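Taken together, the values in this text are just the output of simple stated rules run on the coordinates, not laboratory data. Since we're looking at a predicted model, the values are computed, not measured. Backbone-built Cβ (ideal geometry, glycine too); neighbour counts: all protein chains shown.
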Amino acid sequence: MTSWKDDLSARDRVTKVIETVTDPVSTNWVAEEADVHWNTAADRLEEMAEAGDLHRIERDDSITYVPDFTKTYLEEIRQLALELSADELRAEITAAKEAIEQIQDQYDVESREELEESLAEPDVSAEETKARSHALRDWEAENDTITLLKHALRLQDDLLAVDPYAEVERQGQGRDGQRRSEVA
């Protein structure tokens, strides 16, 4: 059976492992999880910290690392703004809203709070509570998606105003409509 580790280089395994953490972790932990030598993990973590992708946290005599979640969030918005057209972003917002409306219809609720309150209702079975909890997480994920997409829509015009070549990645043209042969 092939492991995820078999398909990635040692450096890529370190990157994949550190990108999944939500709390600071040590080089030893990353090296073990990524199945790499300690030096490989240390070098890659330091490289990522120097690039601003990770926070390097020094406490007492130990060093831990955690992703820069702000940078990750902003990069996700930037990628959406560059890779999707305004129409595609709007379509994704519509799809997320439709998914929320399906949850509202399924559980006969108007708000996320109302769905959350229904979890504690005495006539709701344990199985139904699990289903509602899952639906609640889906609702929250859809709301997060909508927020990202709205930011991307707002950012799209701003990016194009400051970088007329920003569209190159998406359409192969600058804002002036001229075809570009290179990506800077």
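For Asp12 and Lys71, compute 0.36 nm times the residue count separating them, minus their Cα-Cα distance, and round to one decimal in nm. List each step's numbers first, then the result.
On the way: separation 59, 0.36 × 59 = 21.24 nm, distance 1.91 nm.
Fully extending the segment from Asp12 to Lys71 adds 19.3 nm.
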- request: Rank these for me by crowding, Trp38, Trp139, going from fewest to most other beta carbons within 10 Å.
  value: Trp38, Trp139
message: I need the P(r) histogram for region 9-67: all alpha carbon pairs, bin width 10 Å from 0 out to the longest distance, whole percents.
response: 27, 62, 11, 0
query: Across all directions of projection, what mean area in square nanometres is found for the Cα convex hull of region 72-171?
result: 7.4
query: So what's the chain giving for Cα Rg divided by 2.2 N^0.38 Å, two decimals?
result: 1.37
- request: For n ≥ 4 DSSP H runs only, could you compute -39500 (n - 2.57) per run for the chain, divide by its residues and tell me the 222 nm figure to the nearest 500?
  value: -20500 deg cm²/dmol
statement: Answer in debye to the nearest 20: the dipole magnitude of the chain about its Cα centre, from +1 Lys/Arg and -1 Asp/Glu charges placed on Cβ, is 800
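Remind me, relative contact order of region 9-67 in percent, using alpha carbon pairs under 8 angstrom and six or more residues apart?
Worked out over region 9-67, it gives 39 percent.
Mind checking which helices in the chain clear 20 Å along their axis (Cα) and have mean Kyte-Doolittle hydropathy of -1.0 or more, DSSP H runs only?
69-83, 86-107, 126-162
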